[in-house]
Structures are given as structure tokens and as C-alpha cells.
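Worksheet for the structure shown next.
The values are calculated or read from the model by the stated rules, or taken from the named source; none is laboratory data. Since the model is a prediction, treat every value here as computed from it, not as a measurement. Here the Cβ positions follow ideal geometry from the backbone for every residue, glycine too, while neighbour counts run over all protein chains shown.
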Amino acid sequence: MKHDSSDLRVKRTLKCIRDAFYDLIMEKDFSQISITELTQRADINRKTFYLHYSSLDDLVEEIEQEFVDELLASLANNATHLDVAGCISVFYHYMDEGSPIQRKLLCDPDYYFFYSKVSQDILDSEFFQKFYVITEHPALVRSYCVGITSMFRTWYMEGRKIPLEELIDYAGKLMVQGYDGIKKFK
């Protein structure tokens with residue numbers, strides 16, 4: 001559900017809902033969060049929540065779409081020019097420099113559903129379709145791209161044992177050198 005109200009009360013309510021939800025995400029798994037707990041934390045009643053969202057899933061979908069829009073805007077220039085290494089660098093920096101809530105939602109195994117949906121939407125975007133159509137087996141290239149995003153998650157969850165720039169270089173080499181070998185037109 002998109003919220004474009006200019007009413008300050010609505011904006012404040014939506015911020016309270018979002019802040020309370022983020023606090024709960026940092027404390028527990030999504031399946032353990034209830035609307036009752038969220039509304040108590042946000043200091044609103046359930047009716048108010050339901051004026052803005054039909055469910056917690058609706059709130060999550062809104063947050064997922066915001067992440068996708070943000071990431072696609074960040075990746076736009078590199079994706080337009082089919083710059084695979086550039087996309088990896090932008091994505092990894094976005095993830096590393098993001099907020100703790102972004103990293104939690106995109107890296108924590110308890111929130112894999114969130115990462116999966118965001119990744120799917122990005123890889124299904126018009127920008128990324130251009131990467132696939134110049135290969136003989138687009139579905140395989142797409143799954144390889146999922147592996148690149150998974151590399152960041154693994155690096156992060158294992159405690160960032162190598163410097164970010166080394167990870168970016170390594171992932172870029174894996175992707176680009178492998179990708180160049182399968183393009184139809186070289």
C-alpha cells in the first residue's frame with residue numbers, strides 16, 4: 001500500500017509504525033511479531049494500523065518495494081551499460097553502508113524471505129533483463145547473479161573476514177570472467 005499523504009498526523013503514525021516494526025525486527029524473527037505487539041510498541045490502536053495496512057505482510061511488501069526502488073536507482077547507471085563488476089560494487093557498497101535494519105532484513109537467515117523477494121524483483125527488473133538476453137541460457141545467468149548476492153550475505157554472516165574491496169574484486173572476477181565466456185556476442 002503506497003502512502004502519499006501530506007497530513008502530518010498520518011506521516012507521524014506511519015513513522016511510529018515503521019519505527020516500532022524495525023525495533024521488533026532487530027529483536028526477533030518475523031513469525032514472532034504480532035500486530036498487537038507492534039501497535040502497543042507504536043502506541044497506536046489496532047484500528048489505526050488497519051487504516052494503513054491490511055496485515056504485517058502488507059507492511060513488509062511496502063518495505064521490500066522501497067528497498068528494490070532504492071537499489072535499482074543505485075544500480076541504474078551500471079546496469080544500463082551492462083557493467084557487471086560495477087553492479088556488484090554498487091550492490092555490495094549499498095549493503096555494507098546501509099542501516100543495521102537493511103542488513104538484518106537482507107542478510108539474516110530468519111529474514112531470508114525478504115532477501116529472496118528483493119533479489120527476485122531486482123533480477124526480474126528491466127535493467128537486469130538486458131544482461132540475460134545476450135546469453136544462450138538466461139535462466140542460468142540469472143541464478144548465477146543470485147549466487148553473487150549470496151556471496152555478500154555469506155561474507156557478512158561469517159564476520160567480514162576479508163576487506164570489502166577484496167570481496168568486490170573477487171566477486172567481480174568470478175562473475176565477469178565467467179560471464180564473458182558465455183555471452184552470445186563477444
Where in the range 23-92 are the helices (runs of 4 or more DSSP H), entirely inside, with at least 1 residues that are over 23 Å from the mean Cα position of the chain (by Cα) and either crowded, with 19+ Cβ neighbours inside 10 Å or at pLDDT 95 or above (or both)? 35-42, 46-52
Can you go through 67, 30, 21 and tell me which one is closer than 15 Å to residue 114 by Cβ and assigned by TED's automatic domain parsing to the domain that holds residue 110? 67
For the range 150-171, the count of residues that are surrounded by fewer than 13 Cβ atoms within 10 Å (Cβ to Cβ), more than 16 Å from residue 107 (Cα to Cα) and among the small types (Gly, Ala, Ser) equals 0
Just a yes or no: is a residue in the range 93-114 assigned to a loop (DSSP other than H, G, I, E, B) and farther than 28 Å from residue 27 by Cβ? no
Taking the range 117-149 only, how many residues are free of Cβ contacts under 8 Å to residues at least 12 places away in the same chain, among the polar types (S, T, N, Q) and surrounded by 13 or more Cβ atoms within 10 Å (Cβ to Cβ)? 2
Taking the range 92-111 only, how many residues are in contact with a Phe, Trp or Tyr (Cβ under 7 Å, 6 or more places away or on another chain) and closer than 22 Å to residue 170 by Cα? 5
For the range 12-22, indicate whether the set of residues that are within 19 Å of the chain's Cα centre (by Cα) and surrounded by fewer than 14 Cβ atoms within 10 Å (Cβ to Cβ) is non-empty. yes
Scanning the range 93-105 for residues that are within 30 Å of residue 36 (Cβ to Cβ) and of a type outside the set (Lys, Arg), which turns out surrounded by the most Cβ atoms within 10 Å (Cβ to Cβ)? 105
